[in-house]
Amino acid sequence: MIYAGVDIGSTTSKCVLIDENRKVLAFEIMFTEFDRNASGEKILQAALDASGLSIEDIAYIVSTGYGRKAFLRTNKDIPEIIAHAVGTVEAMPGTRTIIDIGGQDSKVIELDESGAIARFEMNDKCAAGTGRFFEVLTQRLLGIEMSELSGLIYKSKNAPTISSMCTIFAETEIISYLSQGVPKEDIVAGVSRSIVRRVIGMGKAGQMSFKEPIVFSGGVAQNPAIVEEFSQHLGKPVTAVKLPQSTAALGAALTAMKQYEKEKAQ
């Protein structure tokens, strides 16, 4: 039996295929289109093509993410918080705290000893502390791609303080620093630190103590310098998931397997 997890996020769509032994057969990712249903169909097909399977091989599909309810082919949809928890624990057993920074939101999830969600905090009302915040402030203003962030952060010698977490006001701060001749690498490091502080503050406001092990997921987690920044600010080790953008889709795929077996047994 083959099970599919489809995560239709605001920025990217992901799909994970697993077999009955929980083995990952494929993981694919692409940018989300305006038509969320079409995005779900395309990312599912990409995963099928990569694994040499066909749609007839899929026993059950679970969708998650912002566009989960728009995906017509899904058998069931689940909230992304649940999907992230299930997928992260599968990828990194024993996880107690998840820090996830996606394209349009950031979240901190605390798990109990069994891996169940104890509490969570989520910022999805503005770009502050998200991948979009990085993109607007570094890509558009500085011409820097997300993949270049770590290399520049490591070169920074005197990161300025980006005090505003509003994207518009932070942009004004960056323009001011540029006019003063502050190097790009220092500005990028300043943006990184402001996001780290924002996300940690959000978690602490939700009464989270950042229990270990702490796992970092989402597209921003592909930057080791930012992973290290979280570790330094928390004074605790933070580890990035091997495929940081896959956890919600993996959680959805595992839920698909569990739901199929449950329905079959009824």
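Do we find that E80 is in contact with a helix residue (DSSP H, G or I) (Cβ under 6 Å, 6 or more places away or on another chain), closer than 22 Å to F27 by Cα and of a type outside the set (A, V, I, L, M, F, W, C) in this structure? Considered against the rule, which asks whether it is in contact with a helix residue (DSSP H, G or I) (Cβ under 6 Å, 6 or more places away or on another chain), closer than 22 Å to F27 by Cα and of a type outside the set (A, V, I, L, M, F, W, C), E80 comes out as yes. Report yes if T161 is of a type in the set (S, T, Y), surrounded by 16 or more Cβ atoms within 10 Å (Cβ to Cβ), in contact with a helix residue (DSSP H, G or I) (Cβ under 9 Å, 6 or more places away or on another chain) and assigned by TED's automatic domain parsing to the domain that holds Q232, otherwise no. Judged against the criteria, T161 is not a match. Can you pull out every residue in segment 188-210 that is in contact with a Ser or Thr (Cβ under 7 Å, 6 or more places away or on another chain) and either surrounded by 22 or more Cβ atoms within 10 Å (Cβ to Cβ) or of a type in the set (G, A, S) (or both)? If the condition is that a residue be in contact with a Ser or Thr (Cβ under 7 Å, 6 or more places away or on another chain) and either surrounded by 22 or more Cβ atoms within 10 Å (Cβ to Cβ) or of a type in the set (G, A, S) (or both), then V188, A189, G190, V191, V199 are the ones that fit. Taking segment 201-226 as the range and being of a type in the set (V, I, T) and modelled with pLDDT of 95 or more as the test, the residues that pass are I214, V215. Out of curiosity, is D7 within 29 Å of I200 (Cβ to Cβ), surrounded by 22 or more Cβ atoms within 10 Å (Cβ to Cβ) and at pLDDT below 95? When the stated conditions are applied, D7 does not pass them.
Only one of the numbered conditions (1) basic (K, R); (2) farther than 25 Å from G203 by Cα; (3) part of a helix (DSSP H, G or I) is not met by R132, and that is (2). Filtering segment 17-41 to residues that are crowded, with 18+ Cβ neighbours inside 10 Å and basic (K, R) leaves only R36. S217 passes every criterion in (1) touching a Leu at 6+ places or on another chain (Cβ under 8 Å); (2) in contact (Cβ under 8 Å) with a residue 24 or more places away in the chain; (3) not aromatic (F, W, Y) apart from (1).
The values are calculated or read from the model by the stated rules, or taken from the named source; none is laboratory data. Values in this document were obtained by computation on a predicted structure and should not be read as measured data. Counting neighbours? That spans all protein chains shown, and the Cβs are built from the backbone with ideal geometry, glycine included.
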